[in-house]
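The values are calculated or read from the model by the stated rules, or taken from the named source; none is laboratory data. Small disclaimer: the values here were computed from a predicted structure and weren't measured. With ideal geometry, Cβ positions are generated from the backbone for all residues, glycine too; neighbour counts draw on all protein chains shown. Surface accessibility is based on the protein's heavy atoms, side chains included, excluding ligands, DNA and RNA. Shrake-Rupley method; radii C 1.70, N 1.55, O 1.52, S 1.80 Å.
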Amino acid sequence: MDATTSGTPNIQYHNITDQPITSIVATPLPTFQRQQRHCFGASSPGEFPLSANPSIVLHVLTACNLDPQDLAKLEATCSFFRQPANFAPDFDLSLSELAALDMCQKRAIFKPMTTEQKQDLKQRCGGSWKLVLRFFLAGEACCRREKSQAIAGPGHSIAVTSKGVVYSFGSNNSGQLGHGTCEEEWRPRPIRALQGIRIIQAAAGAGRTMLISDSGKVYAFGKDSFGEAEYGVQGDKLVTTPQLVESLKTIFVVQAAIGNFFTAVLSREGRVYTFSWGSDVKLGHHTDPNDVEPHPLLGALEHITVVQIAAGYCYLLCLACQPSGMSVYSVGCGLGGKLGHGTRTDEKQPRVIEQFQLLNLQPMVVAAGAWHAAVVGRDGRVCTWGWGRYGCLGHGNEECESVPKVVEALSNVKAVHVATGDYTTFVVSDTGDVYSFGCGESASLGHNARNDDGQGNRHANVLSPELVTSLKDLNERVVQISLTNSIYWNAHTFALTESGKLYAFGAGDKGQLGIELVANQTERGKPERVDIDLN
């Protein structure tokens with residue numbers, strides 16, 4: 001295993017010689033030896049046979065990638081896994097705790113942490129390495145951390161390969177593509193200025209892009225403002241190549257979210273910081289609207305670890321990981337009921353959405369559209385709430401919902417991923433099937449794609465979830481959907497497959513699809529392969 005620089009030694013395993021199974025079982029033990037031996041070896045009954053060599057047990061626990069719940073069950077059902085293992089690096093830890101610590105050590109964001117930082121994170125998560133591991137796994141599951149991803153921004157697009165190379169294309173009037181110019185790009189082009197820097201996360205707003213490296217550094221380019229106001233209003237200075245965000249140099253960032261009038265970032269310790277949009281305490285602190293200094297999100301989340309953030313029109317959702325389970329907090333503008341608290345009033349500080357407890361649903365992925373939101377639960381159920389215009393909530397109508405409501409039309413589908421945009425919603429099932437509903441403008445829902453001559457009803461609104469057959473016909477397992485989340489741009493959609501192929505459809509008038517359009521075309525209704533391999 002790799003050594004760390006944090007001062008915390010890795011768990012060392014004894015050398016176990018590999019040998020064929022046949023060589024172990026071919027020679028039977030003598031009869032008298034079988035009679036003398038019992039399941040506890042030479043020790044007295046009641047002792048575990050491997051207690052003298054716990055490295056073997058550790059090897060099994062970590063090699064099988066047991067999740068924290070499994071490790072906890074081992075401790076609950078067997079005293080051997082509860083008692084101190086007397087094993088390095090911490091002789092007081094149980095085998096289950098040591099296995100969890102070892103699996104944490106494998107995480108790229110955990111390795112650089114000092115011993116003190118690791119202990120602080122452990123206490124913040126609830127005082128257990130199993131809970132720290134649960135925190136990491138939850139973040140990896142909902143954010144595709146350190147995996148390939150595509151972002152369908154407002155008029156421009158960002159694609160990140162599994163190796164951390166970044167491609168950008170589309171509108172570039174503010175330098176948001178990072179190529180040193182303000183010229184549109186109709187084909188994916190790598191950002192040369194980032195050569196040698198591995199990017200693991202990306203966020204796109206109107207005229208602005210933010211990228212996060214594997215070392216927690218944040219690079220931004222485009223409009224020189226952290227808040228996204230009406231297009232073209234805010235941000236006079238243009239930055240056309242990626243620049244390190246100096247105010248975030250002391251924070252190890254793992255995710256960014258660009259909303260309207262504000263930007264939020266998430267640290268590896270699970271703390272949320274916001275820029276701008278704080279002059280009236282809308283995000284828990286008093287700041288100037290153009291403040292470029294990060295401020296921690298105060299209130300209920302001060303001592304709770306957050307694994308994912310999602311920003312919509314003037315509001316922020318935070319997926320929190322607590323010892324008692326997963327929960328969602330919301331803050332900001334409550335118009336349309338999009339904060340999920342049963343009212344349409346604003347929330348100046350983060351407030352937990354209590355409806356999930358009543359639904360007995362453990363949130364695992366959260367998505368914030370411009371005016372509505374969605375969550376996927378551990379059991380695969382999908383909940384939506386907020387402004388229901390065009391049927392974007394999937395309940396068969398256009399009614400608003402001020403608390404999360406289960407999408408009954410998806411009761412036979414086990415969802416694993418959800419994406420929301422400007423009155424549009426996409427759901428990905430565990431089999432890779434994709435369902436969409438909501439506003440059909442710009443053909444961004446992917447339905448009726450065969451009518452690619454501009455006629456037919458591919459622009460029709462969809463009030464209940466429908467299978468996107470144009471994606472199913474590709475015979476590719478879809479793992480991520482991204483769609484434009486802005487009220488100022490026509491929407492386009494990306495579908496990323498397990499094999500690393502990227503497909504695009506919807507509005508493409510600025511080159512944001514990464515596909516050349518012909519004649520007077522401004523959109524594509526049928527998913528088209530983008531010439532880039534994200535794996």
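Would you confirm whether or not the range 412-419 contains a residue that is touching a residue at least 12 places away in the same chain (Cβ under 8 Å), over 21 Å from Gly153 (Cα atoms) and among the β-branched types (Val, Ile, Thr)? Yes.
Residue-wise test of (1) under 21 Å from Asp533 (Cα atoms); (2) assigned to a helix (DSSP H, G or I).
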residue: Gln119; (1), (2): no, yes
residue: Arg124; (1), (2): no, yes
residue: Cys142; (1), (2): no, yes
residue: Lys147; (1), (2): yes, no
residue: Ile151; (1), (2): yes, no
residue: Pro154; (1), (2): no, no
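Scanning the range 139-163 for residues that are closer than 17 Å to Arg268 by Cβ and either open to solvent by 10 Å² or more (accessible area, probe 1.4 Å) or in contact with a helix residue (DSSP H, G or I) (Cβ under 9 Å, 6 or more places away or on another chain) (or both) yields Glu140, Ala141, Cys142, Cys143, Arg144, Arg145, Glu146, Lys147.
Rundown of residues vs (1) more than 27 Å from Val306 (Cα to Cα); (2) of a type in the set (Gly, Ala, Ser), yes/no style:
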position: Asp67; (1), (2): no, no
position: Ala72; (1), (2): no, yes
position: Phe80; (1), (2): yes, no
position: Ser94; (1), (2): no, yes
position: Pro112; (1), (2): no, no
position: Phe136; (1), (2): no, no
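One residue stands out in the range 180-202 among those that are closer than 27 Å to Asp422 by Cβ, out of contact with any His (no Cβ under 8 Å at 6 or more places or on another chain) and assigned to a loop (DSSP other than H, G, I, E, B): the one that is most open to solvent (accessible area, probe 1.4 Å), namely Glu183.
Taking the listed residues Ser157, Ser215, the one that is under 17 Å from Gly508 (Cβ atoms), touching a Pro at 6+ places or on another chain (Cβ under 9 Å) and touching a residue at least 40 places away in the same chain (Cβ under 8 Å) is Ser157, with no other qualifying.
Within the range 444-461, is even one residue free of Cβ contacts under 8 Å to residues at least 24 places away in the same chain, open to solvent by less than 10 Å² (accessible area, probe 1.4 Å) and touching an Asp or Glu at 6+ places or on another chain (Cβ under 7 Å)? No. Counting only strands (runs of 3 or more DSSP E) that sit completely within the range 358-398, zero hold 3 or more residues that are within 14 Å of the chain's Cα centre (by Cα) and more than 13 Å from Ala415 (Cβ to Cβ).
Going through the range 377-390 one residue at a time, which ones are over 24 Å from Asp430 (Cβ atoms) and open to solvent by less than 50 Å² (accessible area, probe 1.4 Å)?
Looking only at the range 377-390, we keep the residues that are over 24 Å from Asp430 (Cβ atoms), and these are 386-390.
Scanning the range 377-390 gives Gly386, Gly388.
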